[in-house]
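Below: the structure, in structure tokens.
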Amino acid sequence: MVIGVLSVEYRLHGNDSLKGKRRIANSLKQKVRNQFNVSIAEVGSEDSLSTLSLKIVSVSNSERHLQSKLTKCLSMMEAVCHEEMVYSDMEFFGVE
């Protein structure tokens, strides 16, 4: 079994409220969940108005399949969200 973790960070330019940030985060999280059937959550910078950090997690028997799925997820997130993506990273953990 392989666990894949995709970390993504966005810089929110012109955002002046937590309500605006939550609107962006919830919209993006719902789109990712619906299309890829993964777990996604906001982490780390919950109180920051200018930064949105998300972690996406999925489990598979194949690392290649998981890497393909998370890469497609990252591409979709780049295309759908108009905010500036400043960081992304993929990690894989093998469990026997």
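Annotations
- Point-charge dipole on Cβ atoms (K/R +1, D/E -1) for the chain, about Cα centre, debye to 20: 460
- In degrees, nearest ten, helix 18-36 long axis to first principal axis of the chain (Cα): 20
- Measuring r between the beta carbons of H82 and S7 and using R0 = 30 Å, the FRET efficiency lands at 0.90.
- Per residue, the accessible area of the chain comes to 59 Å² when a 1.4 Å probe rolls over the protein heavy atoms.
- When all alpha carbon pairs of segment 44-88 are counted in 5 Å bins from zero, the resulting P(r) reads 5, 17, 24, 22, 16, 10, 4, 1 %.
- Sequence of M1, M77 from largest to smallest accessible area, 1.4 Å probe: M1, M77
- For V2, the solvent-accessible surface computed with a 1.4 Å probe is close to 20 Å², ligands and nucleic acids excluded.
- More than 16 angstrom apart: percent of Cα pairs within the chain: 53
- The share of accessible area on the chain that comes from carbon and sulfur is 48 percent, using a 1.4 angstrom probe.
- Residue-span extension gain [K55 to S75] - 0.36 nm each, minus C-alpha spacing: 5.7 nm
- The orientation-averaged projection of the convex hull spanning the C-alpha atoms of segment 1-43 amounts to 3.6 square nanometres.
The values are calculated or read from the model by the stated rules, or taken from the named source; none is laboratory data. The structure presented is a predicted model; accordingly, all values stated were derived computationally and were not measured. As a convention, Cβ positions derive from the backbone with ideal geometry for all residues, glycine included, and neighbour counts pool all protein chains shown. Accessible surface areas use protein heavy atoms only, side chains included; no ligands, DNA or RNA. Shrake-Rupley method; radii C 1.70, N 1.55, O 1.52, S 1.80 Å.
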